[in-house]
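The values are calculated or read from the model by the stated rules, or taken from the named source; none is laboratory data. Please read all numbers here as calculations on a predicted model, not as lab measurements. Methodologically, a virtual Cβ is constructed for each residue, glycine included, from the backbone with ideal geometry; neighbour enumeration extends over all protein chains shown. Please note that ligands, DNA and RNA were not included when accessible areas were found on the heavy atoms of the full protein model with its side chains. Shrake-Rupley method; radii C 1.70, N 1.55, O 1.52, S 1.80 Å.
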Amino acid sequence: FPSHDILFLQPTVVMASTISVNPRSGNQAPRSVVHPKEFLMWGFLVSVFMLFAGLTSAYIVRRADGNWLDFELPSAFAMSTVLVVLSTLTLEFARKAARSNEFAALRSFLLATAVLGLAFLGSQWVGYLQLTGQGIFLVGNPSGSFLYVISGLHALHIVAAVVAAVATLYRAFRLEIHSKALLGLRLLALFWHFLTLLWLYLYAFLSWMH
């Protein structure tokens with residue numbers, strides 16, 4: 001080749017070699033990074049799980065010690081199970097609507113989730129009334145005390161989840177939740193779905209023990 005052609009090709013060769021060794025070139029996908037708030041949420045959920053794992057373990061140990069009163073689990077707790085499962089479904093529908101920027105559906109499903117959460121708390125209250133009707137109170141036999149404490153602590157977490165759902169609904173009305181801003185809704189879903197699974201575990205555990 002003529003000398004001026006060689007000089008013209010040199011920058012092209014250098015550029016090509018640089019691109020070929022670039023670790024971010026080609027089809028290599030960028031590494032995903034967990035958001036700090038999501039990381040903190042996972043840490044919180046692990047601590048909550050350990051709390052209830054400890055309570056159910058203490059339940060088993062104390063039951064084996066004797067002086068344990070057997071009674072019927074409130075039928076309202078079965079309704080609580082249905083309600084919490086429905087609420088986790090409506091929340092998933094809300095997430096789907098948010099990803100599609102269907103704002104009316106997003107607000108409707110978030111409202112349904114909050115209402116179902118409140119209904120869950122109402123069914124828990126009915127369950128406590130059924131317990132007192134059987135003569136089972138917070139203070140008394142350890143069997144009743146454990147049931148009140150375990151279900152009551154879970155209900156308190158549901159209260160926090162309902163408050164978070166209402167706050168998220170407010171943000172949805174302000175159009176702050178959409179396909180490009182899903183972190184808050186994702187955190188709510190993570191918390192809510194965890195509480196749903198936790199209740200299913202607790203209900204199965206308590207039903208088996210009774």
Among the residues of the range 61-78, count how many are exposed (fewer than 11 other Cβ atoms within 10 Å of the Cβ) and part of a helix (DSSP H, G or I). 2
Would you be able to tell me the number of residues in the range 79-114 that are in contact with a His (Cβ under 8 Å, 6 or more places away or on another chain) and either farther than 16 Å from H178 by Cα or part of a helix (DSSP H, G or I) (or both)? 4
Within the range 171-204, restricting attention to residues that are open to solvent by 30 Å² or more (accessible area, probe 1.4 Å), within 23 Å of L73 (Cβ to Cβ) and of a type outside the set (F, W, Y), which residue is farthest from the chain's Cα centre (by Cα)? A204
Kindly establish whether Y148 is part of a helix (DSSP H, G or I) and surrounded by 14 or more Cβ atoms within 10 Å (Cβ to Cβ). yes
Only one of T132, T168 that is hydroxyl-bearing (S, T, Y), open to solvent by 30 Å² or more (accessible area, probe 1.4 Å) and in a helix (DSSP H, G or I): T132
Of the numbered conditions (1) part of a helix (DSSP H, G or I); (2) more than 18 Å from the chain's Cα centre (by Cα); (3) loosely packed, with under 14 Cβ neighbours inside 10 Å, A160 satisfies every one except a single condition; which is it? (2)
State the number of residues belonging to the range 176-194 that are within 18 Å of L45 (Cβ to Cβ) and in contact with a Gly (Cβ under 9 Å, 6 or more places away or on another chain). 1
